[in-house]
Amino acid sequence: MHQNFILTSAKKAFRVIGLLFITLIFASSCSEDDTTYTGILNIEITNWQPEWISHLFVIISPLEQQDEIIKIVKLTSDAPNHVELNPGNYKILIRADNNDYTPYITESVQIQIGKTETVVI
């Protein structure tokens, strides 16, 4: 009888420990969703005067449909120029906002999930 009591108590203890262990596993997997589905386009401006940079903007289009504009971003010299994009191939057009006759810079970039692609101008 004493042996049955010890065996029953041990079974209950293992059940409680098992239940706590399973609860801990599920609770730890229920944390905030850290999965990222986008990549970052970083535009670095080097050797340009700040007054020039304030006139630049970036037009971002898919490489397959270059006439479709996804984003237009005004560049700044005092802040990092980061653009979050879905994975894919993009055409980056950098222009000045003062007139249509100024030269422009065109780059092609590939954005990958969780990675940063840097374009240096």
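The values are calculated or read from the model by the stated rules, or taken from the named source; none is laboratory data. Not measured: the values here are computed from a predicted model. Here Cβ is always computed from backbone atoms with ideal geometry, including for glycine, and neighbour counts include all displayed protein chains. Accessible surface is based on the protein model in full, side chains and every heavy atom, while ligands, DNA and RNA are left aside. Shrake-Rupley method; radii C 1.70, N 1.55, O 1.52, S 1.80 Å.
Considering the range 102-112, the residues that are open to solvent by 90 Å² or more (accessible area, probe 1.4 Å) and not hydroxyl-bearing (Ser, Thr, Tyr) include one that is modelled with the highest pLDDT, namely Gln110. Screening Ser28 with (1) modelled with pLDDT under 75; (2) assigned to a loop (DSSP other than H, G, I, E, B); (3) open to solvent by less than 100 Å² (accessible area, probe 1.4 Å) gives one miss only, at (2).
Conditions (1) at pLDDT 80 or above; (2) open to solvent by less than 30 Å² (accessible area, probe 1.4 Å); (3) within 20 Å of Thr116 (Cβ to Cβ), marked per residue:
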residue: Pro62; (1), (2), (3): yes, yes, yes
residue: Asp67; (1), (2), (3): yes, no, no
residue: Val73; (1), (2), (3): yes, no, yes
residue: Pro80; (1), (2), (3): no, no, yes
residue: Glu84; (1), (2), (3): yes, no, yes
residue: Asn89; (1), (2), (3): yes, no, yes
residue: Ile92; (1), (2), (3): yes, yes, yes
residue: Asp97; (1), (2), (3): no, no, no
residue: Asp100; (1), (2), (3): no, no, no
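May I ask you to verify whether Leu56 is touching a helix residue (DSSP H, G or I) at 6+ places or on another chain (Cβ under 9 Å), within 15 Å of Asp97 (Cβ to Cβ) and modelled with pLDDT of 75 or more? Spelling it out, it is not the case that Leu56 is touching a helix residue (DSSP H, G or I) at 6+ places or on another chain (Cβ under 9 Å), within 15 Å of Asp97 (Cβ to Cβ) and modelled with pLDDT of 75 or more.
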